[in-house]
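A.B. asks: Quick one: structure below, then a few questions.
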């Protein structure tokens, strides 16, 4: 199974100039804990609910500061044609549960997000269940 078969398409992202407040409101309204951040249409990072808690609230930043001041600039991604098993292993290796999805290695257009939950919703079998459990193991 390929990532494009399980990912969440119609990607939404924040502009790098958006405020921390806007980021948190968008996550609340869309019931997400992760939002890609773009500058001039290109993904430059991601912001998570944890980034807001640890890098903004805990450090006393103003909610009006730019989300770019707290984002994670290392963007972990995969391609829409990648095998889901390979992506799960990569998530496990990186200790994350979400990847940005790009169309291919030539254009690298942002086409979606894939999460361990997306994969769990669409995959069957004990082998995949074990892979999903392994990718989720670092969370307590």
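A.B. asks: Determine the percent antiparallel among the DSSP beta bridges restricted to the chain, to the nearest 5.
C.D. replies: Around 75 percent of the beta bridges assigned by DSSP in the chain are antiparallel ones.
A.B. asks: Also, I was wondering about something else. Kindly provide the helix-only [θ] at 222 nm of the chain, computed as the sum of -39,500 (n - 2.57) over DSSP H runs of four or more divided by all residues, to the nearest 500 deg cm²/dmol?
C.D. replies: Estimated from H runs of four or more residues: -8500 deg cm²/dmol.
A.B. asks: Could you tell me how many degrees, from 0 to 90 and to the nearest 10, lie between the Cα long axis of helix 84-94 and the main elongation axis, the longest principal axis, of the Cα atoms of the chain?
C.D. replies: Its long axis makes an angle of about 50 degrees.
A.B. asks: Let me ask you something else. Once a ≥ b ≥ c are taken as the square roots of the eigenvalues of the Cα gyration tensor of the stretch 3-136, is the result rounded (a/c under 1.5), prolate (a/b larger than b/c) or oblate (a/b not larger than b/c)?
C.D. replies: Since a/c reaches 1.5 and a/b is larger than b/c, the shape of the stretch 3-136 is classed as prolate.
A.B. asks: If one takes the longest principal axis of the Cα atoms in the chain, at what angle in degrees, from 0 to 90 and to the nearest 10, does the Cα axis of helix 126-136 lie?
C.D. replies: With rounding to tens, the tilt is 20 degrees.
Each value in this text was obtained by applying a stated rule to the coordinates, not by laboratory testing. Note that this is a predicted model, so its numbers are computed, not measured.
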